[in-house]
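In what follows, a single structure is set out as structure tokens and then discussed.
The values are calculated or read from the model by the stated rules, or taken from the named source; none is laboratory data. Because the structure is predicted, anything quoted here is derived from the model rather than measured. Please note: Cβ atoms are built from the backbone with ideal geometry, for glycine as well, and neighbour counts cover all protein chains shown.
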Amino acid sequence: MAQHLLAHALGAEPEPLRSLVTASAGISAYGGDAPSLNSVRVLEAVGIDLRDHVSQRLTQDLIDQSFAIFCMTETHRQLIGAGFNPTTPHIYLMREFMPDGVDKEIPDPYGLDRPEYEACRDSMVEAIPGILQFLRKEYK
């Protein structure tokens, strides 16, 4: 969901942000899986089509190609540091750019009901303005 939400937001930005390529990869994801039905439905509700998305596992090659990596949880960030050689200094929680006092982590709704997917989507949507502000400042 995060990849498609961010890609949608970047599409409204001027260059060079508009041309940024987004990717989604999971630390424990299986490659080639279709998105969950709840993921498809909650993004469809905000006008984003997720049906053609295919999961992929995080690889060193993906990390090497990345300007920035945005994680859902601190555990994800720690696993990237422990299992890979991060070649970008830009590894953040998606909600890291939000004001103090706001929960910075986004719980994974995998296997849960639609309300948890909606809450996850909404937490990601709230994070997008901060990510865009970071990219406007740092990406040249």
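In summary, residue 61 fulfils each of the numbered conditions (1) touching a helix residue (DSSP H, G or I) at 6+ places or on another chain (Cβ under 8 Å); (2) surrounded by fewer than 12 Cβ atoms within 10 Å (Cβ to Cβ); (3) of a type outside the set (A, V, I, L, M, F, W, C); (4) assigned to a helix (DSSP H, G or I) with the single exception of condition (1).
Scanning the range 1-48 for residues that are farther than 20 Å from residue 113 by Cβ, in a loop (DSSP other than H, G, I, E, B) and free of Cβ contacts under 8 Å to residues at least 40 places away in the same chain yields a count of 14.
Among the residues of the range 118-138, not a single one is over 16 Å from residue 22 (Cβ atoms) and part of a loop (DSSP other than H, G, I, E, B).
Consider residue 32 carefully, then state whether it is at pLDDT below 95 and of a type outside the set (D, E, K, R). Here the answer is yes, as residue 32 does meet what is asked.
Condition check for residue 108 on (1) out of contact with any Cys (no Cβ under 8 Å at 6 or more places or on another chain); (2) in a loop (DSSP other than H, G, I, E, B); (3) within 18 Å of residue 23 (Cα to Cα): one failure, at (1). Across the range 115-130, the number of residues qualifying as touching a helix residue (DSSP H, G or I) at 6+ places or on another chain (Cβ under 9 Å) and surrounded by 14 or more Cβ atoms within 10 Å (Cβ to Cβ) comes to 9. A Cβ distance below 9 Å, combined with a sequence gap of six or more or placement on separate chains, defines the contacts here; from the range 61-77, residues that are within 16 Å of residue 127 (Cα to Cα) and among the charged types (D, E, K, R) reach residues that are modelled with pLDDT of 95 or more and outside any helix (DSSP H, G or I) in the pairs 74/93; 74/104; 74/105. Report yes if residue 33 is surrounded by 12 or more Cβ atoms within 10 Å (Cβ to Cβ) and either charged (D, E, K, R) or over 17 Å from residue 136 (Cα atoms) (or both), otherwise no. For residue 33, the condition - surrounded by 12 or more Cβ atoms within 10 Å (Cβ to Cβ) and either charged (D, E, K, R) or over 17 Å from residue 136 (Cα atoms) (or both) - is met.
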